[in-house]
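Here the structure is laid out as structure tokens; the discussion comes afterwards.
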């Protein structure tokens with residue numbers, strides 16, 4: 001957005017802070033084990049401070065501005081990831097960042113008009129894991145307009161993913177009938193999603209992004 | 001999020017559809033002139049359809065799920081941009097996508113639980129524009145906790161940007177006192193931001209992402 005660079009990065013190296021951040025990320029072990037944890041934030045605080053220092057009245061305490069800053073922060077995050085790939089660095093993207101944002105805000109002293117949007121744990125890798133499976137491009141590319149999915153499309157696009165030994169095993173150990181049920185009933189349930197939607201909106205309000 | 005690939009890409013090549021999309025993007029000429037326009041969407045529709053086809057009950061009609069899908073779509077978008085850079089393709093990222101989303105939703109027939117989040121115009125470039133200016137890394141990197149900005153920090157971090165001939169000229173032609181005022185008073189005003197926050201939230205609700 002106008003090359004305003006609406007992001008900030010908080011670098012965590014101290015063991016003490018990693019231990020505090022760990023439960024917020026569901027105690028995934030890389031938060032403590034990786035040498036560096038990066039919390040990338042949507043940031044309209046710096047730009048608003050700049051404006052006030054320059055006799056200008058910022059008007060960025062609203063939802064559109066959150067989306068603009070979060071977008072900028074995520075584009076920055078992914079380019080950082082791609083550059084780290086080129087350097088041979090390893091990282092893990094933690095989706096847990098938006099699950100309990102208020103705790104991160106408090107721990108990292110994030111001021112009004114900033115918001116944590118992504119976390120990367122970073123280090124030199126001691127393994128070369130296989131690439132993740134991907135749906136075929138035709139499953140998500142639509143020509144001219146969105147072509148909604150028929151049951152036969154779903155079968156065609158998801159068959160390979162569902163038949164991977166890793167995913168068949170995932171279904172077995174979770175005692176489910178289908179891979180989709182592992183997602184809907186265990187990993188990302190309606191109950192959790194709705195509860196975390198509320199805490200996310202509450203934190204957005206507290207940080208000044210919902211008026 | 002669980003490698004669900006929560007995005008879709010709508011490819012626009014037809015002149016007719018480009019002409020319809022053009023006003024939504026404030027008639028920026030590249031929408032019509034570029035051979036291809038890509039509208040990248042947050043998409044929980046495909047995953048929810050997959051779930052229903054597999055005897056699973058999806059619970060992704062909520063705000064957290066929108067943020068998860070928008071995140072996934074933006075990370076995809078930026079890797080696509082970085083790969084296009086490597087191929088020598090040129091593109092322009094249109095921030096206008098979230099300004100009038102309902103029009104895009106209607107034009108591209110985007111179903112419930114999808115949402116347009118980024119647009120790229122793509123083509124083979126006939127110029128090599130200079131890189132955009134960037135703030136120094138120390139302006140957005142914080143060690144261990146967020147260190148809020150003093151007026152002296154702002155002076156130090158923004159001086160180079162403000163003194164660029166291009167930006168000095170930008171202030172002059174807009175008859176403003178400072179570069180920041182060009183942003184707050186002309187390009188991204190409180191009035192516009194607040195109005196577009198409302199239309200954005202309305203469209204999110206209509207697409208099923210606000211319960």
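Right, residue B:120: closer than 25 Å to residue A:6 by Cβ, part of a strand (DSSP E or B) and at pLDDT 95 or above or not?
yes
State the number of residues belonging to region A:167-184 that are more than 10 Å from residue B:51 (Cβ to Cβ) and free of Cβ contacts under 8 Å to residues at least 12 places away in the same chain.
8
Checking residue A:45 against (1) more than 7 Å from chain B (Cβ to nearest Cβ); (2) buried (at least 24 other Cβ atoms within 10 Å of the Cβ); (3) in contact with a helix residue (DSSP H, G or I) (Cβ under 9 Å, 6 or more places away or on another chain): exactly one of these is not met. Which one?
Single failed check for residue A:45: (3).
Quick one: is residue B:69 crowded, with 20+ Cβ neighbours inside 10 Å, away from chain A (no Cβ under 11 Å) and at pLDDT 95 or above?
So residue B:69 passes the test.
Among the residues that make up region B:15-36, is at least one of them at the interface with another protein chain (Cβ under 9 Å from one of its Cβ atoms), crowded, with 20+ Cβ neighbours inside 10 Å and at pLDDT 95 or above?
no
I'd like the residue in region B:112-133 that is crowded, with 22+ Cβ neighbours inside 10 Å and on the phi < 0 side of the Ramachandran plot and, out of all such residues, is farthest from the chain's Cα centre (by Cα).
B:114
Does residue B:59 satisfy the criteria of being over 16 Å from the mean Cα position of the chain (by Cα) and either at pLDDT below 95 or under 25 Å from residue A:203 (Cβ atoms) (or both)?
Taking the combined requirement at face value, the residue satisfies it.
Where residues in region B:87-104 are facing chain A (nearest Cβ under 10 Å) and surrounded by fewer than 21 Cβ atoms within 10 Å (Cβ to Cβ), which of them is farthest from residue B:40 (Cα to Cα)?
Filtering first and then ranking leaves B:99.
Among the numbered conditions (1) within 9 Å of chain A (Cβ to nearest Cβ); (2) at pLDDT 95 or above; (3) under 19 Å from the mean Cα position of the chain (by Cα), tell me where residue B:109 comes up short.
(3)
The values are calculated or read from the model by the stated rules, or taken from the named source; none is laboratory data. It should be emphasised that the depicted structure is a prediction, and the values quoted were computed from it without experimental measurement. No Cβ is skipped: glycine too gets one built from the backbone with ideal geometry, and neighbour counts run over all protein chains shown.
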